[in-house]
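Beneath this line is the structure, given in structure tokens, with notes to follow.
Quick note: the coordinates plus some simple rules give every number you see, no bench work behind them. Since we're looking at a predicted model, the values are computed, not measured.
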Amino acid sequence: MSLDLCILASGSSGNCTIVRAPSGVMLIDAGLGPRTTARRMDGTGITLRDVCAICLTHLDSDHFRASWLGTLLNRGIRVFCHRTRRQHVIEMLDHEAVEPLVHGFDDADFHPLDGLSVRAIPLAHDRTGSHAFLLEGHGCRIGYATDLGRVPGDLHDHFADLDLLAMESNYDPRMQLASARPWFLKHRIMGGSGHLSNEQAFEAICKILDRAQGKRRRLPRHIVLLHRSRECNCPKLLRKFFERDDRIASRLTLAEQLVRTEWLRVRAVKPLVGEQLALAWQRPSD
């Protein structure tokens, strides 16, 4: 058994990630239009016809677009959003037939695909907030967190035992401050309810890995950095910064705005013990 992740796009111009499970295919966010999403899927072995559900972190336009209406209705694709935003999604789509397809989640786990449980973790992003997701099923666990604003105290515990960790690392503070962006935008991004800096993301990921090792759990096979600013960050800088930690360096993937990632696969495996566990802490598991 396995779960596979392919990030079609990540950034301020649109966010969309495929999750493939033995029981079906879902998207995390739909911030690309359906035609662009279909083109980006070329070569993955997945098409829009395979998508059964969409789980929304929040409703910013780079995470969900109303242009999905026709595809949702034609394919019967269910949309999962926080219960406080359900009516807003229905109003965005502006079609009475879509209402049965829109489902609200709360603090309880929900199940967008058979055998896949999703727990939503509240995040302090802008006025209405966002959610990280902990996906668990088919013997695998994935943590996905973008548009955090700041790292909630319980995130390290939720994400301490993962097969794949995907987390936002949006900006370099020096590049942000030196940019031509207006001050109000800089303050929004850096003020604790916008996005995570490279330093904040690095600290959070290290704490998650430390927590996993402290509980004698395996480290993630993949660590993915999401939502990189093309104006206020740099891939070379990001790699150099994160690869200071050997645990991250051998597992690192940078998600891009214009190019999808390869399939990132995690397989269900038996718990490791003793010498095997020590080796798993040093390199990705086989």
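For this structure, a couple of remarks:
- Mean projection of the Cα convex hull over all viewing directions, computed for segment 167-267: 7.4 nm².
- Value in Å of the Kirkwood radius, where segment 82-163 supplies the Cα pairs that are averaged: 14.1
- For the chain: relative contact order, % (alpha-carbon pairs under 8 angstrom, 6 or more apart): 19
- Shown for the chain: lysine pairs separated by 8 or more places, or found on different chains, whose C-alpha atoms are under 25 Å apart, numbering 7.
- Globularity index of the chain is 0.97 (Cα radius of gyration / 2.2 N^0.38 Å, N = number of residues).
- Cα shape, segment 48-189, gyration tensor, a/c 1.5 rule: oblate
- Our helix-only sum for the chain, with -39,500 (n - 2.57) per DSSP H run of n ≥ 4 divided by its residues, gives a mean residue ellipticity at 222 nm of -7500 deg cm²/dmol.
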